[in-house]
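Single-structure report; data block below.
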Amino acid sequence: VLPIRTWALVLLVSSMLAVAVDVQTAVPRAWSAIGLVLFVVGTVFLYPRADVSMSWIPMVVAIAGMGVLAYRAMPVMVRGRFSTVAIPREFLVGETGTVTDPGPDGVVEVRGAPWPSRPHGPLEAGDRVLVSDVDGLTLQVERPT
């Protein structure tokens, strides 16, 4: 319902796209700066009439929030989203499980969770196995002695 300048709204949308370019690299660079400048210009010139103007307080808060989002929050979130968490699986060595899918690249269930496995010898579905080693996500299994 408020009168706005269309070009200023386009600048606001463009600012989000510019920041998104750097967000994908997880490091704020030139596109973040360009996006922040576009955001400032779009925010300041959004309303065409003096009687429909934005107070300086929400403008400053929005601009500061956009700066924090572009330079601190989004890179941290993207790094966290695309990083690989190293979870040690050595605790599974010595555990027993059950073969659910036999074969050279089968599946065993250990502690109620399915794991890819490589058996040391032929196994049948339902056989009890002992985890002898862990290679990444794959469990090396053998018949218990």
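The values are calculated or read from the model by the stated rules, or taken from the named source; none is laboratory data. What you see is a predicted model, and the numbers here were worked out from it, not measured in a lab. Quick reminder, even Gly has a Cβ in these numbers, built from the backbone with ideal geometry, and neighbours come from all protein chains shown. Keep in mind that these areas ignore ligands, DNA and RNA; they rest on the heavy atoms of the full protein, side chains included. Shrake-Rupley method; radii C 1.70, N 1.55, O 1.52, S 1.80 Å.
Details
- Listed residues 105, 133, 127 arranged by accessible area, highest first, probe 1.4 Å: 105, 133, 127
- In degrees, nearest ten, helix 30-44 long axis to first principal axis of the chain (Cα): 40
- Basic side chains Lys and Arg get +1 at the Cβ, acidic Asp and Glu get -1 at the Cβ, and with that the dipole of the chain about its Cα centre reaches some 960 debye.
- For the chain: rounded, prolate or oblate by the Cα gyration tensor [a/c cutoff 1.5]: prolate
- Within-12-Å neighbourhood charge of residue 90 [Cβ basis; K, R +1; D, E -1]: -2
- Inter-centroid distance (Cα atoms) of the stretch 1-43 relative to the stretch 99-129, Å: 53
- Loop-resident sites, the stretch 35-140, for trypsin sites (Lys or Arg not before Pro), counting at most 11 other Cβ within 10 Å (DSSP): 49, 111
- Annotation: amide H of residue 133 within the under-5 Å range of 140, sequence separation 5 or more or interchain, hydrogens built in the peptide plane.
- Label-point separation in nm, residue 16 to residue 2, each point 7 Å along Cα→Cβ: 1.6
- Surface accessible to a 1.4 Å probe, per residue, for the residues of the chain, Å²: 63
- For residue 31, the accessible surface of its heavy atoms amounts to roughly 120 Å² (probe 1.4 Å, protein chains only, rounded to the nearest 10).
- For the set 59, 54, 66, 77, solvent exposure ranked by accessible area (probe 1.4 Å, protein chains only) runs largest to smallest as 77, 54, 59, 66.
- Positive minus negative residues near residue 122 (Lys, Arg vs Asp, Glu; Cβ under 15 Å): -2
- Summary value for the chain: 17 percent relative contact order, contacts being C-alpha pairs under 8 angstrom separated by 6+ residues.
- DSSP bridge orientation in the chain - percent antiparallel, rounded to nearest 5: 85
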